[in-house]
1. Looking only at the range 16-53, count every residue that is under 15 Å from the mean Cα position of the chain (by Cα), assigned to a helix (DSSP H, G or I) and either of a type in the set (Val, Ile, Thr) or modelled with pLDDT under 95 (or both) and tell me the total.
2. Can you tell me which of (1) out of contact with any Lys or Arg (no Cβ under 8 Å at 6 or more places or on another chain); (2) within 22 Å of Gly104 (Cα to Cα); (3) at pLDDT 95 or above is the one Ile304 doesn't meet?
3. In the range 212-244, what residues are in a loop (DSSP other than H, G, I, E, B) and surrounded by fewer than 19 Cβ atoms within 10 Å (Cβ to Cβ)?
4. Lys235 - would you say it is touching a strand residue (DSSP E or B) at 6+ places or on another chain (Cβ under 6 Å) and in the same structural domain as Cys259 (by TED's automatic domain parsing)?
5. May I ask you to list the residues in the range 258-278 that are within 14 Å of Leu225 (Cβ to Cβ) and of a type in the set (Gly, Ala, Ser)?
6. Determine, yes or no, whether Lys175 is more than 21 Å from the chain's Cα centre (by Cα) and modelled with pLDDT of 90 or more.
7. Of (1) without any contact (Cβ under 8 Å) to a residue 60 or more places away in the chain; (2) in contact with a Ser or Thr (Cβ under 9 Å, 6 or more places away or on another chain), Tyr248 satisfies all except one. Which?
8. For the range 204-217, give me each residue that is in contact with a Pro (Cβ under 9 Å, 6 or more places away or on another chain) and modelled with pLDDT of 95 or more.
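The values are calculated or read from the model by the stated rules, or taken from the named source; none is laboratory data. Only a predicted model underlies this, so the values are computations on that prediction, with no experimental measurement involved. Neighbour counts are summed over all protein chains in view; Cβ atoms, including those assigned to glycine, are modelled from backbone coordinates with ideal geometry.
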Amino acid sequence: MEETVSKKNVIVIGGPTASGKTGLSIELAKRINGQIVSADSMQIYKDMDIGTAKVTKEEMQGIKHYMIDIVSPDKRYSVAEFKENAEKTIEKIIEEGYTPIVVGGTGLYINSLIYNINYPKLEFDKEYREYLEEQVKKEGLEKFYEQAKKIDKEACEKISPNDKKRILRILEIYKQTGKNKTELEKISRAVPPKYNYKVFAINYDREKLYDRINLRVDRMLDDGLVEEVKNIKKKYNEFPTAMQGLGYKEVVEYLENKCTYEEMVEKIKQESRRYAKRQITWFKGIKGLKWLNAEDGVNKNIEIILEEINWKKK
């Protein structure tokens, strides 16, 4: 992440699921006249509130949030589209005299900004996607995960063997470009980013984080996650693509009588813990990232951020 005096600072707050990114970012925004750009690949979807732990109007405390509720769950939304929209939003925030704070746990989204990765805008090949979906039903996802690993081992190490959406995307990119996703990313990193990204991530004691994740899942279910999924199916006459997301696909399996309620709950918790572990590994790979200790509390972590970005009250 090249640093130039003329470049504007953009703060990035990452970290695993349930680590307290929302609370910290809102308090920071209140201190520095900030506005928040979400970097969460599930919170972009409308109607998907409970299972994505989407920030509520009350929680926002008047702080403007962007890149939330922008896409219908039955629409495709690529990393390339996120990057384009996020950069326009960051520019708008700066022009209006605010400080941009990018917040989220989706590593692909964050990397696209901080490393200026320009993903190719590929035309969606509906026929090939339908073929892949059909073959997965017949032969199982594992076979296609192994295929993807042969094409792009590095990318596969960063995703779950159950992440159908991203596994198929690796195959689609290779079919259309003849290059794998990792190669394309490396080629596109040659141009430095427009802004000076200051990247932070929240570090939590692993066992405490897992307890928080388990409690969050219980709360989501108490708040009506199953009803939310039923309502989405009713509204869109199907389970749309976004239902492959963590917490949603398990509820879909339960509603289709593929597992019991108890098995669904345990699976959501287990997959959420695994996801958190992968997120931590991802953030560890970002050079220059500064870890914030969750147990130090919000105020102390804000002071650390302000010191790092050389903040002077205007």
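1. Going through the range 16-53 one residue at a time, the tally reaches 1.
2. Unmet condition: (1).
3. Initially, the range 212-244 is screened for residues in a loop (DSSP other than H, G, I, E, B), giving 223-224, 237-240.
The answer is Asp223, Gly224, Asn237, Glu238.
4. Against the criterion (touching a strand residue (DSSP E or B) at 6+ places or on another chain (Cβ under 6 Å) and in the same structural domain as Cys259 (by TED's automatic domain parsing)), Lys235 does not qualify.
5. Hit for the range 258-278 is Ser272, nothing else.
6. On the way: more than 21 Å from the chain's Cα centre (by Cα): yes; modelled with pLDDT of 90 or more: no.
For Lys175, the condition - more than 21 Å from the chain's Cα centre (by Cα) and modelled with pLDDT of 90 or more - is not met.
7. Exception for Tyr248: condition (1).
8. Start the filter on the range 204-217 by keeping residues that are in contact with a Pro (Cβ under 9 Å, 6 or more places away or on another chain), which leaves 204, 209, 213.
Leu209, Ile213 - these are the residues of the range 204-217 that are in contact with a Pro (Cβ under 9 Å, 6 or more places away or on another chain) and modelled with pLDDT of 95 or more.
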